[in-house]
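Below is one structure, written out as structure tokens; comments come after it.
The values are calculated or read from the model by the stated rules, or taken from the named source; none is laboratory data. These figures come from a predicted structure and were not determined experimentally. Glycine gets a Cβ as well: all are built from the backbone with ideal geometry, and neighbour counts include every protein chain shown. These accessible areas exclude ligands, DNA and RNA; they are computed on the full protein's heavy atoms, side chains included. Shrake-Rupley method; radii C 1.70, N 1.55, O 1.52, S 1.80 Å.
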Amino acid sequence: MKKSFVAIAAVAGLMAGVSATVAEPVKVGMITTLSGGGASLGIDVRDGFQLAVKQSGHTDIDLIIEDDGQKPDLAVQLSDKLIQSDKVDVMTGIIWSNLAMAVVPSAVAQGKIYLSPNAGPSALAGAGCNENYFNIAWQNDNLHEGMGAYATTAGFKKSFILAPNYPAGKDALTGFKRFFKGEIANEIYTQLGQTDYAAEIAEIRASGADSVFFFLPGGMGIAFMKQYAGAGVEIPLLGPAFSFDQNILQAVGDAALGVKNTSQWSKDLDNETNKAFVESYTAEYGRLPSLYSSQGFDTANLLISAMDAASISDKDAFRAALKAANFKSTRGDFKFGNNNHPIQDIYVREVVKEGDVYTNKLIGVALEDHADAYAVDCKM
């Protein structure tokens, strides 16, 4: 599936004051998941990105969108096409860490700038960092570290933890354990894309745990939450925002109410950029934005800020402009660490119902100005 999108001039909205005077156009290749069980994640990243471009008034961004179907082999083929045939300048869009590991190292080695709106595998944050790779979301461990810190301060003593068996799943449980000071009742890695969790729920019930931390994004989280509620297990659930994303909540319903989760973003973050983003995204697409929507939006605005400061043909200047992160983020303050990953606050949210819509509200801060654990190994 392929779609080309050339942003058209639009009335200045969130990014009022951003000029669209860059003489040299930038060709962007977006590989993301638009079909299958993880499609909602990629759709939200795409929609957030396109909204930012539209609002910027830039007519010099040529966006080529490709659907990876959550398949690493296909993602590699699409990357080769975008680099060799389409001659893109910048790449973005990948949701899943196993796909990122299949695509990003080769892309940046060929001199392409990669802006990650989601996947943040540890292998690309430490010794494998690269001057052409920027992560605008988080390093994979970060939100899980926040939940480990929250679970400790909330008084949980024994947690059952589970995640899919792929790079982000391993980073998730590593991150949680890094900050959780209690006992791990059991640690399970499920199949990526798994939809039947009866065996895992039976183990949870018998574990003696006082909490369950799980990372199951997309359709996996929907299946687990529904089955967990149906099984009548009363052990409290904890998770990162990915397990309680805006799209997942609508599918799960009342079973998610009251559950605590961690995120670097929330629709009720009190800053003008975020307020305007939530309003305009809802008006544009007829739904509330998700975590992924905000990340796509921020990724595009970072790119636009660099375009307004430097020519894409001057790679050193363009990278410096990206590193400066001179844009207004939906998160408020935004800065990169030495490894081109964010240093940011990690918040605690609670699932609530507003009218007929299930969503999240902020209830506190888990970690302030938090950097990832792998930056010390990055030589940049």
Within a Gaussian network of the chain (alpha carbon springs, distance under 10 Å), most fluctuating of P164, P289, P236: P236
Radius 11 Å from Cβ of N140, net charge of other residues (Lys, Arg +1; Asp, Glu -1): -3
Descending semi-axes in Å of the stretch 29-108, equivalent ellipsoid built from Cα gyration tensor: 20, 17, 9
Alpha carbon convex hull of the stretch 273-326, projected area averaged over orientations, nm²: 4.1 nm²
Quarter of Cα convex hull surface for the stretch 132-291, i.e. mean projection, nm²: 10.4 nm²
Scaled radius of gyration (Cα, divided by 2.2 N^0.38 Å) that the chain gives: 0.94
Approximate shape of the stretch 214-270 as ellipsoid semi-axes (Cα gyration tensor, √5λ), whole Å, largest first: 19, 12, 10
Amide H partners (placed H, <5 Å) of A366, local residues excluded: I346, Y347, V348
Spin-label model distance (nm) - E354 vs K157, 7 Å beyond Cα toward Cβ: 3.8 nm
For the chain: relative contact order, % (alpha-carbon pairs under 8 angstrom, 6 or more apart): 18 percent
Orientation-averaged projected area, Cα convex hull of the stretch 29-168 (nm²): 10.2 nm²
Solvent-accessible heavy-atom area per residue, rounded to whole Å², over the stretch 254-380 at 1.4 Å: 40 Å²
Heavy-atom accessible surface of the chain: percent carbon and sulfur, 1.4 Å: 50 percent
Three-way shape call for the stretch 258-380 based on the alpha-carbon gyration tensor, with the a/c threshold at 1.5: oblate
Dipole of the chain, positive end: most advanced residue of A109, A202, G221 [Cβ charges, Cα centre]: A202
Within a Gaussian network of the chain (alpha carbon springs, distance under 10 Å), most fluctuating of G42, G126, G230: G230
I363 - accessible surface, heavy atoms, 1.4 Å probe, Å² rounded to 10: 80 Å²
Whole-angstrom gap from the stretch 89-121 to the stretch 357-380, using each part's C-alpha centre: 21 Å
Inter-centroid distance (Cα atoms) of the stretch 296-338 relative to the stretch 45-83, Å: 17 Å
Candidates L237, L257, L162, ranked by Gaussian network fluctuation over the chain, Cα under 10 Å, top entry: L257
Relative compactness, the stretch 205-332, computed as alpha-carbon Rg over 2.2 N^0.38 Å: 1.36
Antiparallel DSSP beta bridges within the chain, percent to nearest 5: 40 percent
Test item: Cα-centred dipole of the chain, Lys/Arg +1 and Asp/Glu -1 on Cβ, debye: 180 debye
Per residue solvent-accessible surface (Å²) - the stretch 55-124, probe of 1.4 Å: 29 Å²
Cβ charges +1 (Lys, Arg) and -1 (Asp, Glu), total dipole of the stretch 30-165, debye: 440 debye
